[in-house]
Amino acid sequence: MSPALDDADQSFMQLLRAQPDATIAGLCQAAGVTATAVRQRLSRLQSLGLVTRVTIRTGRGRPFHQYQLTNAGHRVLGDNYAELALLLWDSVRQIEDPAIRNEVLGRIRNRLAARYGGGGSGSTLEQRMTALQQSLSEQGFQMEVGSRDGLPLLRERHCPYHELAQADAGICDLEQQVYEAVLGVPLVLTQCCRQGQGICEFQPQITPLQ
């Protein structure tokens with residue numbers, strides 16, 4: 001998922017893309033703002049991993065800095081995949097042969113489980129859930145671990161597949177299967193953004209003693 005950027009961030013990054021070796025002075029001139037404003041914007045984008053600073057040394061003069069978009073920054077500017085994702089998901093769901101369709105969906109589930117579950121594991125469900133929450137948060141998901149009736153639960157504050165979910169609830173089933181594969185326990189989706197409840201909440205189908 002992409003980091004939250006406002007219009008000013010996007011415009012500033014467009015300037016950086018147009019000036020691959022931008023300096024503070026050059027950005028001030030291009031944006032028509034003060035050096036302080038430019039430095040604040042650069043600092044914010046650097047903290048998000050979207051901009052990097054390169055130190056240039058020439059002869060005996062003082063070194064100076066140039067600023068460039070990172071690969072992540074370039075991806076964000078080109079991050080307009082919603083329509084493509086909808087088309088790809090629809091194509092998968094329309095595969096007529098159930099065995100082939102399930103095979104494709106299974107591969108997607110396994111790839112996602114490997115991606116989100118690769119950050120660590122734990123001997124208890126709560127430890128595994130915390131590791132999953134941390135992995136998802138690093139991907140930009142708004143996740144937290146809570147508890148109810150002595151059991152940990154996973155709470156998602158913003159649906160990462162909003163447009164897909166509005167078109168087809170099957171993506172919710174896939175997401176649940178991914179989390180089940182990572183955690184090693186069956187889950188129940190007790191609340192769902194798609195149903196207007198504001199959050200998605202996944203609760204394990206086990207007793208506290210298990």
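The values are calculated or read from the model by the stated rules, or taken from the named source; none is laboratory data. Everything numeric in this text was worked out from a predicted model, so none of it was measured. No Cβ is skipped: glycine too gets one built from the backbone with ideal geometry, and neighbour counts run over all protein chains shown.
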Selection status of S137, assigned by TED's automatic domain parsing to the domain that holds V178, without any contact (Cβ under 8 Å) to a residue 60 or more places away in the chain, out of contact with any strand residue (DSSP E or B) (no Cβ under 6 Å at 6 or more places or on another chain) and among the hydroxyl-bearing types (S, T, Y): no
Elements of type helices (runs of 4 or more DSSP H) in the stretch 95-188, at least 1 residues being in contact with a Ser or Thr (Cβ under 8 Å, 6 or more places away or on another chain) and surrounded by 14 or more Cβ atoms within 10 Å (Cβ to Cβ): 98-116, 125-138
Residue in the stretch 49-73 that is nearest to the chain's Cα centre (by Cα), counting only those that are closer than 15 Å to A8 by Cα and free of Cβ contacts under 8 Å to residues at least 60 places away in the same chain: L50
Of all residues in the stretch 177-200 being within 22 Å of the chain's Cα centre (by Cα) and β-branched (V, I, T), the one that is modelled with the lowest pLDDT: I199
Filter result (more than 25 Å from H158 (Cα to Cα), in contact (Cβ under 8 Å) with a residue 12 or more places away in the chain and assigned to a loop (DSSP other than H, G, I, E, B)) within the stretch 1-48: P20, D21, T23
T52 vs. criteria among the hydroxyl-bearing types (S, T, Y), at pLDDT below 90 and out of contact with any His (no Cβ under 7 Å at 6 or more places or on another chain): no
Residue within the stretch 104-115 that is more than 21 Å from P204 (Cα to Cα), without any contact (Cβ under 8 Å) to a residue 60 or more places away in the chain and among the β-branched types (V, I, T) present: yes
For L87: the one exception among (1) crowded, with 16+ Cβ neighbours inside 10 Å; (2) assigned by TED's automatic domain parsing to the domain that holds G170: (1)
Residue, surrounded by the most Cβ atoms within 10 Å (Cβ to Cβ), within the stretch 53-84, restricted to residues that are among the polar types (S, T, N, Q) and under 19 Å from E138 (Cβ atoms): T70
